[in-house]
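A.B. asks: Next up is a structure, given as structure tokens.
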Amino acid sequence: MDAKTWKNPIIAWVDKRLPIFTMMQHDLVDYPTPRNLNYWWNFGSLAGIVLVIMIATGVVLAMHYTPHTQHAFESVERIMRDVNYGWLLRYLHMNGASMFFIVVYIHMFRGLYYGSYKAPRELLWQIGVIILLAMMATAFMGYVLPWGQMSYWGAKVITNLFSAIPLVGDAIVTWLWGGFAVDNPTLNRFFALHYLLPFLLFALVFLHLVALHTSKSNNPLGIDVKGPQDTIPFTPYYTVKDMFGLGAFLIFYLAFVFFAPNFFGEPDNYIKANPMQTPPHIVPEWYFLPFYAILRAITFDILFIPAKLLGVIAMFAAVLVLLFLPWLDRSAVRSARFRPIYKQVFWLFVADCILLGVVGGHPPEGVWVPLGQAATAFYFAFFLVIMPLLSFIERPRPLPSSISAAVTGKGVGISAHGVAE
Amino acid sequence: MADSTLASPHAADDEETRRDFLLIATSTVAAVGTAFAAWPFIDSLNPARDTLAVAITGVDLSPIAVGQAITVIWQGKPVFIRHRTAAEITAARDVNVDQLPDPQPDSARVEKPEWLVVVGVCTHLGCIPLGQRPTDAKGDYGGWFCPCHGSHYDSSGRIRKGPAPANLAVPPYRFLDDNRIEIG
């Protein structure tokens, strides 16, 4: 990047030795962004802001929280009743977790629709998948901390997943627990990791952005930027758009915080953990429901592999398959706008994910079992069969010659100045 | 950016525009909003309501005989309560106030002359002075002696000798009746 001359002598002095101001200018102001990004492109920056809100509220909450089985539940109630604005900080954190997943899931579906995972953005996408995994681990351990009934039994069920591993499964579970049941050592390490992981997340987000700014943003047309006439600088155009999106998002988020703070939660988690009694109906938080449905869909053994192990493998595979997406989808066209069949299958896939979520929220009885199995089959078929097949059988629509041609309808070479005014 | 005119939202001439006004107004609202949003985070670090609830300590004085002293805990700090003898009261009053390092008459430091209530934290660097137990060194002035750096307090808790800059603090307290006080 070119070293810019700064008017302020202090900024110039610092920048010559540590070019942070040049980097900020380069990545937050000048960053050439496709001029046709729509509102689905807001969700990346929203996710980053939610991460910051989660870290800020989390650090303050940790100052009042006690990670001990005898005190954890009471310390959370103390935060709610006695700590100044403790209720607000906790509800921001609690609902922030749900908001984080809403925003990130939309961000991922956007990437899926517009082919943002395709070359040259494969690694960018894969870092995103790792971020999702780290988020899931963080959210799971955070949910254990209040030490309510759902915290305890959620921890028990999820850690027990690892007992499905042949030979060493039980040893691994004992190691995870630091004992012979979910108990104080488990709570202690979960708290330590719940505090650590967000900072690793932050580092991963940084890598995600470095990769993004190397290969540059995709756009709704999915075609490459061909020149300066196809882009506008990030500031002011997309800073303003992101800020507007943030305002709308905060209204949505705070409506839950102030008017329905326990909407996403389970009432059972306001009952203190009781290792001697399982609640009649355990469900994970909503953002895990589709994966929970996949876990429970496998009710049969295949050859020598027991159903329990298969379910665990299927659940992890449901996330890990995303890592291979850039190579499962061979189509040269990125955006679903120009892929008539994929466009429809994509919405079927969205509906399938929602259906899996609904199935995951119901007890595995009656119609829910075959329904969950069918939805799971479609989930994997989408990635492993439909995606590769479509690459060959689908005839994409013709692509526009350039972003500016498509946006202005006048063709390449129009004065960018004229459009902006 | 190749086309630099596109980067500037301002008018070509340097006059103030409607856009400048909107930018400044929006930034101001955002800054005020951020400040309001920061307040719950800052205030949450202040004492919580359960902490404030135990910030008042009640003490029954009836078991304390003349010449005895007890130490009670108030807001996490030791408070000295001494049932002073007539000799100690006289000694505390019979002082040229102007010559004290921290001039204060005894009458300004007690509600009732026979009861002295002071925070038992040396005003030098926070040690707890000796003098509560009969076997303790009471210093040269019959009050308290801080072993950390050698400050001497008199029977009114006033600094008389040594590095401490001020008298032992008198906490806010009131008599509920003849034998009970409430500190805080």
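A.B. asks: Only one residue in A:Trp125, A:Trp147, A:Trp153 is buried (at least 17 other Cβ atoms within 10 Å of the Cβ) and at positive phi, so which one is that?
C.D. replies: The unique qualifying residue is A:Trp147.
A.B. asks: Additional query: Report the residue count in region A:76-101 for those that are open to solvent by 10 Å² or more (accessible area, probe 1.4 Å) and either within 12 Å of chain B (Cβ to nearest Cβ) or without any contact (Cβ under 8 Å) to a residue 60 or more places away in the chain (or both).
C.D. replies: Qualifying residue count, region A:76-101: 14.
A.B. asks: Return the residue satisfying two criteria in turn: it lies in region A:254-269 and is in a helix (DSSP H, G or I) and more than 14 Å from chain B (Cβ to nearest Cβ), and of such residues it is farthest from A:His281 (Cα to Cα).
C.D. replies: By that ranking, first place goes to A:Ala255.
A.B. asks: Name the single residue that is surrounded by the fewest Cβ atoms within 10 Å (Cβ to Cβ) among those in region B:23-72 being within 11 Å of chain A (Cβ to nearest Cβ) and either in a strand (DSSP E or B) or of a type in the set (Phe, Trp, Tyr) (or both).
C.D. replies: Among those that are within 11 Å of chain A (Cβ to nearest Cβ) and either in a strand (DSSP E or B) or of a type in the set (Phe, Trp, Tyr) (or both), it is B:Trp39.
A.B. asks: Hey, can you tell me all the residues within region A:118-158 that are aromatic (Phe, Trp, Tyr) and part of a helix (DSSP H, G or I)?
C.D. replies: Within region A:118-158, A:Trp125, A:Phe140, A:Tyr143, A:Tyr152, A:Trp153 meet the criteria.
A.B. asks: Another one. Being basic (Lys, Arg) and either surrounded by 14 or more Cβ atoms within 10 Å (Cβ to Cβ) or in contact with a helix residue (DSSP H, G or I) (Cβ under 7 Å, 6 or more places away or on another chain) (or both) is the filter here, so list the residues in region B:104-119 that pass it.
C.D. replies: Result: B:Arg109, single match.
A.B. asks: Can you tell me which residue within region A:307-332, out of those that are open to solvent by 60 Å² or more (accessible area, probe 1.4 Å) and not in a helix (DSSP H, G or I), is nearest to A:Asp352 (Cα to Cα)?
C.D. replies: A:Arg330
A.B. asks: Of the residues A:Val76, A:Val83, which single one is in a loop (DSSP other than H, G, I, E, B), of a type in the set (A, V, I, L, M, F, W, C) and at negative phi? Walk me through it before giving the result.
C.D. replies: Working: A:Val76 fails: in a loop (DSSP other than H, G, I, E, B).
None of the others qualify; the one that does is A:Val83.
A.B. asks: Something else about it: Return only the number of the condition from (1) in a loop (DSSP other than H, G, I, E, B); (2) closer than 15 Å to A:Tyr238 by Cα that A:Trp6 does not satisfy.
C.D. replies: (2)
A.B. asks: For a quick check of your reading of the model, give me the residue pairs whose first member lies in region A:185-213 and is closer than 16 Å to A:Thr57 by Cα, whose second is open to solvent by 50 Å² or more (accessible area, probe 1.4 Å), with beta-carbon atoms closer than 9 Å and at least 6 apart or on different chains.
C.D. replies: A:Phe202/A:Val52
A.B. asks: Related question: Take A:Phe256 and decide whether it is modelled with pLDDT under 95 and aromatic (Phe, Trp, Tyr).
C.D. replies: No: the conditions fail for A:Phe256.
A.B. asks: If you take just the helices (runs of 4 or more DSSP H) that sit entirely in region A:349-414, which of them hold at least 3 residues that are more than 27 Å from A:Asn38 (Cα to Cα) and in contact (Cβ under 8 Å) with a residue 24 or more places away in the chain?
C.D. replies: Output list reads A:368-381, A:387-393.
A.B. asks: Right, another one. Hey, among the residues in region A:217-253 that are within 24 Å of A:Arg397 (Cα to Cα) and within 14 Å of another protein chain (Cβ to nearest Cβ), which one's most open to solvent (accessible area, probe 1.4 Å)?
C.D. replies: Per the stated criteria, the residue is A:Lys226.
The values are calculated or read from the model by the stated rules, or taken from the named source; none is laboratory data. Values in this document were obtained by computation on a predicted structure and should not be read as measured data. Note: ideal-geometry Cβ built from the backbone for every residue, glycine included; neighbour counts use all protein chains shown. Note: accessible area is taken over every heavy atom of the protein model, side chains too, but ligands, DNA and RNA are not part of it. Shrake-Rupley method; radii C 1.70, N 1.55, O 1.52, S 1.80 Å.
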